[in-house]
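First comes the structure, then the notes that go with it.
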Amino acid sequence: MKNFKPNIDWQDKVIKVHDLFKSFGSNHVLRGISLDVHKGENIVVLGRSGTGKSVLIKIMVGLLSPDSGGVNVLGQEVATLSNLELRELRLKVGFCFQNGALYDSMTVGENLEFPLKRNTPGITRAEVKRMVETVLDAVGLSKTVNQMPSELSGGQRKRIGIARTLILRPDIMLYDEPTAGLDPITCTEINNLINEVQHRFNTTSIIITHDLACAKAVGDTIVVMKEGRFIKRGPFNEVFQSDDELIREFYDYNFIQ
Amino acid sequence: MDSSSGQPEKPVVSRGLDNFFLDLYSIFQFIKRFFKEALRPPLEVKEFIRQCYMVGYKSLALITMTGFITGLVFTKQSRPSLSEFGATSWLPSLIAIAVVRALAPLVTSLICAGKVGSSIGAELASMKVTEQIDAMEVSAINPFKYLVVTRVMATTVCIPILVCYTGLVAMLGSFLDIYMNEHTSFTTFFQNAFKNITFLDFGTTTMKGIIYGFTIGIVGCYQGWRASQGTQGVGKAANVSVVASMFLIFLEEVVIVQVANSFR
């Protein structure tokens, strides 16, 4: 659980999803979902695999385009942005991939320097070094700077993925299955890291997961997704008082087993 | 942006023919995007130099060995036929024409299609399926410019240079065999060899190198860029890159030879 009170501005909606539809051929993944995310809030999107959770956040950063409806991020309608505007928006929205998506041919340090140098023209070597050290320190992996991604464990790769996102100082963090495939202790470490990022960098986050322990630890608000629709929204305890079959199944599987 | 939702559910003519035309369309779109991005500054100089090193320098050992053996073996195989007519003195000239006009560009590009094309296809496909390309995109970096433009430009620049190098090494292989048998001097060999080579021959060979280099780069990048289906997709991208590049190189060879011959 969080050991701090999140600084959420309930008046300021930084992400507005409205009536979003997305299909891949005959597979209707998103079927008219709407969602508001407030500044400083950690929203957890829960749901079984293949319900469209990752598609939702990919639409938010313009990696996929919606069939209808739209996503408004920081006051900008993502689908209508030009390449330049989209590039500028992406600097404010960090995306952490399921497996870290670290660049195999670069060391950890180079992985972190790469987006920073490219997006900060004129930055000095000393500044780059300092920022790399800061984010590595934030994720607790200061000693890995010269290692290759192949030398890291799954949990370390995810942490470096988060560090690479943090180095651009985004306002919004999108986490795609941050604890998938990790042991319980590493899961707890990642959950603590997500909370620390929210606290230390004052970010708004959307966390995609099917791990209830993660949802409980990091989520200020939980939304449950079923067959491309949101079926429940609220704080963790409120959502899991529901009698919905899927929610009960989730709860029983995660906590009774 | 995705294109997956734009695919029709029912084929217009037949599934195979539809896919062929869709593929053709997407290849042209890919090439069009390459030129658009390549002409827009800034150029990724550091990555371009790194790719030139990978394509050019890293292929040198293989190219040297293959070129040398090609020249040597071709000379050995041609000698008996020419000696029947007492025309072994024509060997340098014959070898030079064969090497410059056909062997050097073909041998180099086929080796590069196997070595460089497969490597580009597999590398980009692996980056695609492990979401590294998406990671670049969301970090506000243009992955097409960084990954595709640099690789295609590197193959387009380096392969013509390798073609010239192969030609030189093949001629050295040929010289070694002729020196061992006919004791011809180095100067005489090269004077005889190049007396029938025209500017058109050199121009055509260089043009072939540029076209084959572009083909190898663009095919490898295209296959890697559109890879899917996890590790299976990586293998497929590498394989198709080699097969498609080789097929296109032979096709281009036929066309270029026809065009070049019309100027002779």
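The values are calculated or read from the model by the stated rules, or taken from the named source; none is laboratory data. These figures come from a predicted structure and were not determined experimentally. Every residue, glycine as well, gets a Cβ built from its backbone with ideal geometry; the counts of neighbours run over all protein chains shown.
Give the residues of segment A:199-217 that are of a type in the set (A, V, I, L, M, F, W, C) and in a strand (DSSP E or B), sorted by residue number. Before you say what the answer is, go through the steps one by one.
From segment A:199-217, those of a type in the set (A, V, I, L, M, F, W, C) are A:201, A:206-208, A:212-215, A:217; that's our starting set.
Passing the criteria: A:ILE206, A:ILE207, A:ILE208.
Take A:ARG159 and tell me if it is exposed (fewer than 13 other Cβ atoms within 10 Å of the Cβ), away from chain B (no Cβ under 14 Å) and not aliphatic (A, V, I, L, M). Quick ask: steps written out before the conclusion?
Working: exposed (fewer than 13 other Cβ atoms within 10 Å of the Cβ): no; away from chain B (no Cβ under 14 Å): yes; not aliphatic (A, V, I, L, M): yes.
Criteria not met by A:ARG159.
This table checks each residue for (1) in contact with a Ser or Thr (Cβ under 7 Å, 6 or more places away or on another chain); (2) surrounded by fewer than 17 Cβ atoms within 10 Å (Cβ to Cβ); (3) within 30 Å of B:SER89 (Cα to Cα); (4) at pLDDT 95 or above.
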residue	(1), (2), (3), (4)
B:ILE218	no, no, no, yes
B:THR231	no, yes, no, no
B:VAL234	yes, no, no, no
B:SER245	yes, no, no, yes
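Is one or more of the residues making up segment B:129-141 more than 12 Å from chain A (Cβ to nearest Cβ) and assigned to a helix (DSSP H, G or I)?
No, segment B:129-141 has no match at all.
Could you list all residues from segment A:218-237 that are more than 17 Å from A:ASP176 (Cβ to Cβ), at pLDDT 90 or above and part of a helix (DSSP H, G or I)?
Hits for segment A:218-237: nothing passes.
Of all residues in segment A:8-41, which are of a type in the set (Asp, Glu) and surrounded by 15 or more Cβ atoms within 10 Å (Cβ to Cβ)?
Our first condition is that a residue be of a type in the set (Asp, Glu); within segment A:8-41, this holds for A:9, A:12, A:19, A:36, A:41.
Listed by number, the residues that qualify are A:ASP36, A:GLU41.
In segment B:53-93, how many are surrounded by 15 or more Cβ atoms within 10 Å (Cβ to Cβ) and not in a helix (DSSP H, G or I)?
Qualifying residue count for the region: 1.
Looking at (1) crowded, with 19+ Cβ neighbours inside 10 Å; (2) closer than 25 Å to A:HIS199 by Cα; (3) more than 10 Å from chain B (Cβ to nearest Cβ), can you tell me which one A:LEU74 breaks?
Among (1) crowded, with 19+ Cβ neighbours inside 10 Å; (2) closer than 25 Å to A:HIS199 by Cα; (3) more than 10 Å from chain B (Cβ to nearest Cβ), A:LEU74 violates only (1).
On the basis of being surrounded by fewer than 24 Cβ atoms within 10 Å (Cβ to Cβ), within 13 Å of another protein chain (Cβ to nearest Cβ) and either out of contact with any strand residue (DSSP E or B) (no Cβ under 9 Å at 6 or more places or on another chain) or not in a helix (DSSP H, G or I) (or both), does A:MET173 make the cut?
Yes, satisfied.
Between residues in segment B:20-32 that are on the phi < 0 side of the Ramachandran plot and residues that are part of a helix (DSSP H, G or I) and basic (Lys, Arg), which pairs lie under 6 Å by C-beta distance while being six or more apart or on different chains?
As it stands, the answer is none, since no pair meets every condition given.
Any chance segment B:49-70 includes a residue that's without any contact (Cβ under 8 Å) to a residue 40 or more places away in the chain, more than 21 Å from the chain's Cα centre (by Cα) and more than 27 Å from B:PHE186 (Cβ to Cβ)?
For segment B:49-70, residues without any contact (Cβ under 8 Å) to a residue 40 or more places away in the chain, more than 21 Å from the chain's Cα centre (by Cα) and more than 27 Å from B:PHE186 (Cβ to Cβ): absent.
Picking from B:GLY121, B:GLY114, which residue would you name as being surrounded by fewer than 19 Cβ atoms within 10 Å (Cβ to Cβ), assigned to a helix (DSSP H, G or I) and modelled with pLDDT of 95 or more?
Of the residues listed, the single one that is surrounded by fewer than 19 Cβ atoms within 10 Å (Cβ to Cβ), assigned to a helix (DSSP H, G or I) and modelled with pLDDT of 95 or more is B:GLY114.
Under 7 Å between Cβ atoms, which residue pairs at least 6 apart in sequence (or on different chains) link something in segment A:169-188 that is farther than 11 Å from A:GLN98 by Cα with a partner that is among the β-branched types (Val, Ile, Thr) and assigned to a loop (DSSP other than H, G, I, E, B)?
These pairs meet every condition: A:PRO170/A:THR203; A:ASP171/A:THR203; A:ILE172/A:THR203; A:MET173/A:THR203; A:CYS187/A:THR179.
Which ones in segment A:89-105 are more than 7 Å from chain B (Cβ to nearest Cβ) and surrounded by 15 or more Cβ atoms within 10 Å (Cβ to Cβ)?
Across segment A:89-105, the qualifying residues are A:LEU89, A:LYS92, A:VAL93, A:GLY94, A:CYS96, A:GLN98, A:GLY100, A:LEU102.
Tally time: how many residues in segment A:82-112 are in a helix (DSSP H, G or I), without any contact (Cβ under 8 Å) to a residue 24 or more places away in the chain and either farther than 14 Å from A:PRO149 by Cα or touching a Ser or Thr at 6+ places or on another chain (Cβ under 9 Å) (or both)?
Qualifying residue count for the region: 5.
I need a count of the residues in segment B:189-231 that are among the hydrophobic types (A, V, I, L, M, F, W, C), within 15 Å of the chain's Cα centre (by Cα) and over 14 Å from B:SER245 (Cα atoms).
Residues meeting the conditions: 1.
Where residues in segment B:134-192 are farther than 30 Å from A:PHE95 by Cα and among the charged types (D, E, K, R), which of them is surrounded by the fewest Cβ atoms within 10 Å (Cβ to Cβ)?
Selected residue: B:GLU182.
For segment B:71-92, which residues satisfy the criterion of being among the small types (Gly, Ala, Ser) and either under 13 Å from B:ALA170 (Cα atoms) or within 16 Å of the chain's Cα centre (by Cα) (or both)?
Answer for segment B:71-92, where residues must be among the small types (Gly, Ala, Ser) and either under 13 Å from B:ALA170 (Cα atoms) or within 16 Å of the chain's Cα centre (by Cα) (or both): just B:GLY71.
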